[in-house]
Amino acid sequence: MNDAVMAPMSASRPAPPGLMRWSILILISLALFGNYYAYDSVGPVADNLQRLLHYSDTQIGTLNAIYSFPNIVMVLVGGIIVDRIGTRLATVVFSVICLVGAVVTAISPSFTVMAIGRLLFGLGAESMIVAVTVAIGQWFVGRQLGFAFGINLSLCRAGSMAADFSPTWARRFYEQGWQRPLWLAAFMALTAVVASLAYYFLERHSEKRYELAAPPPPDRIVWSDLWKFDRSYWYVVGLCVTFYSVILPFRSTFSIKYFQHAHNLSLEAAGALNGYVFLAAIFATPLFGHLVDKVGHRALFMAGGTFLLFAVFPLLGYTHANLWVSTVLLGISFSLVPAVLWPAVPYLVAPNRLGTAYGLMTMLQNIGLMVFNLVAGSLNDSAHAGAGNPRGYLPMLWMFTLLSLFGFVFAAALRKRESGPDGHDLERPQPRAKILA
């Protein structure tokens, strides 16, 4: 979302006070906390789904792959819907769709019903994120906008971390089978609706008293603009697709089950180990973003982050290295690459085509997530991966290794291009900006 293009505030009404702005930020961030928790609820319950409902890994992968399917289309129209009905109503509507999807996911052992639930959840989730992004821009333009986005992202990561740690703090739910953990995820989706409603009424109460900036144009694809993007942009897109096609199918879908079967961890220990990746990202992502703003070398940092990701899977599959080694590498990579990747796009694309650039990148990212969740599950099933055959996970690990290698190649190509005469100042430090109160 292009948060840099905002209409100036009118002088007829005052700007929102700090307490109001931060209250709004906390409410919409709590809404996304529930959203992210519900998305990541599949990984901790994957082993129960396989043991108790006899789901295959392909089916488990489908539960997250199908989340991405509607977003291939919704990224084209979600921003338009937000723009037409307003951020506060859109946030409520999309959070309710997420809640319905989470309830349908938990209500039946039928795979078809559960997949329909995840499809509905995906239909609302990404558009809800768009609505929240616009809301932050409206409330914080010219006033700690970057810091506000950092706080929001940290609370989102906290939702994912809470899901990973849920086998520990909600152990009784997992001891009672597959359904209680999914009902817990539905409850978290309900808290997102409550927070969205609180945001709705608080903004409605204050809109006549304070002046908000107009939201930016919604993300949409302008197909005639696609040929105008140069190679640097496409290198970033390639890195985005390959990086997230490794991180999310592994970390959000199969990693907990893999740690249980291949490294003999308990569900609680596997969930906690996975959760530390997000714990690191909560604190490290803003720090890496600040560092790169000061020193530049964005493509170099992206290359370094993807190289660390490339090292993770051979360590897991072929060595007896302490699992903390791969966890630290994965945590650094997941904190570093997103902190540099998304802010790099405005350096490479004209401001009037930024929405098109982000929309296209997000669309292709969702295609990658859908495809590689399905491929990972299919590889596990074909190799009969499980507690009795942990080496059956090796094909999946090899797939993630190769995707990481391709990501490194894209980052290295970007570094070479941006260091030459056709570069876009991507490797230079960001000029020191005046901080507005």
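Rule-based calculations on the coordinates, nothing more; no lab input. Since this is a predicted model, take the numbers as computed values, not measurements. Using ideal geometry, Cβ is built from the backbone for each residue, glycine included, and neighbour counts are taken over all protein chains shown.
Give the long-range amide H neighbours of residue 15: residues separated by 5 or more places, or on another chain, with amide H under 5 Å away, using H modelled in the peptide plane at 1.01 Å from N.
Long-range HN contacts for residue 15: 211.
Fewest first, what order do 211, 418 take by the number of other Cβ atoms within 10 Å?
Numbers: 211 14, 418 23.
Least to most surrounded, the residues fall as 211, 418.
For the chain, what is the calculated [θ] at 222 nm in deg cm²/dmol (nearest 500), taking -39500 (n - 2.57) for each run of four or more DSSP H residues and dividing by its residue count?
The helix-only estimate for the chain comes to -26000 deg cm²/dmol at 222 nm.
What full-extension length gain, to one decimal in nm, is calculated for residue 170 and residue 51 as 0.36 nm per residue of separation minus the Cα-Cα distance?
On the way: separation 119, 0.36 × 119 = 42.84 nm, distance 1.93 nm.
Length gained between residue 170 and residue 51: 40.9 nm.
Taking the dipole about the Cα centre of the chain, with the C-beta of Lys and Arg at +1 and of Asp and Glu at -1, give me whichever of 369, 295, 102 is farthest to the positive side.
Value: 295.
Is the range 223-429 best put as rounded, prolate or oblate by its Cα gyration tensor, with a ≥ b ≥ c the root eigenvalues, rounded for a/c under 1.5, and otherwise prolate when a/b is larger than b/c, oblate when not? Working shown, then result.
Numbers: a/c = 2.31, a/b = 1.73, b/c = 1.34.
Here the range 223-429 falls in the prolate category.
Pop a pseudo-label 7 angstrom from the Cα along the beta-carbon direction at both residue 116 and residue 210 and give the gap in nm to one decimal.
About 4.3 nm, to one decimal.
Short version: ³J(HN,Hα) in whole Hz for each residue of the range 190-204, in order, from phi by Karplus 6.51 cos²θ - 1.76 cosθ + 1.60 (θ = phi - 60°), x for Gly and Pro, what are they?
My calculation for the range 190-204 gives 5, 4, 5, 5, 4, 5, 5, 5, 4, 4, 4, 6, 5, 5, 4 Hz in order.
Under 8 Å for C-alpha pairs, at least 6 residues apart: give me the relative contact order for the chain, rounded to a whole percent. Don't jump to the answer; show the numbers that get you there.
Numbers: 744 pairs, mean separation 116.9, N = 437.
Across the chain, relative contact order equals 27 percent.
In nm, to one decimal, how far is the modelled label at residue 84 from the one at residue 295, with both set 7 Å along Cα→Cβ?
4.8 nm
Go through the range 25-37 residue by residue and turn each phi into a ³J(HN,Hα) via Karplus (6.51, -1.76, 1.60, θ = phi - 60°); whole Hz please, and just put x for glycine and proline.
Values per residue, Gly and Pro as x: 4, 5, 5, 6, 6, 5, 4, 6, 4, x, 4, 5, 4 Hz.
Okay, which of the range 193-207 sit inside 20 Å, backbone N to the point 7 Å along the Cα-Cβ direction of residue 19?
Within reach of a label on residue 19, which here means backbone N under 20 Å from a point 7 Å along Cα→Cβ, the range 193-207 contributes 198-207.
Count the net charge of all other residues whose Cβ sits under 13 Å from the Cβ of residue 236, scoring Lys and Arg as +1 and Asp and Glu as -1.
Details: positive: 231, 298, 415, 417; negative: 230, 418.
Taking every other residue near residue 236 into account, the sum is +2.
Would you mind ranking 23, 56 by Cβ crowding within 10 Å, fewest neighbours first?
Values: 23 18, 56 15.
Ranking 23, 56 by Cβ neighbours within 10 Å, fewest first, gives 56, 23.
Please report, in debye to the nearest 20, how large the charge dipole of the range 223-429 is about its Cα centre when each Lys and Arg carries +1 at its beta carbon and each Asp and Glu carries -1 there. Before the final figure, lay out the partial values.
Details: 12 positive and 9 negative charges, 29 e Å.
Around 140 debye, computed over the range 223-429.
Starting from the 7 Å offset along Cα-to-Cβ, what nm value, one decimal, do you get for the label separation of residue 398 and residue 328?
3.0 nm
Sort 139, 178, 324 so the one with the fewest other Cβ atoms within 10 Å of its own Cβ comes first. The partial results should precede the final answer.
On the way: 139 25, 178 21, 324 11.
Ascending number of Cβ neighbours within 10 Å: 324, 178, 139.
Please work out how much length the chain gains when fully extended from residue 350 to residue 202, using 0.36 nm per residue of separation minus the C-alpha to C-alpha distance, in nm with one decimal. Could the numbers behind the result be given before it?
Details: separation 148, 0.36 × 148 = 53.28 nm, distance 3.57 nm.
Computed gain between residue 350 and residue 202 is 49.7 nm.
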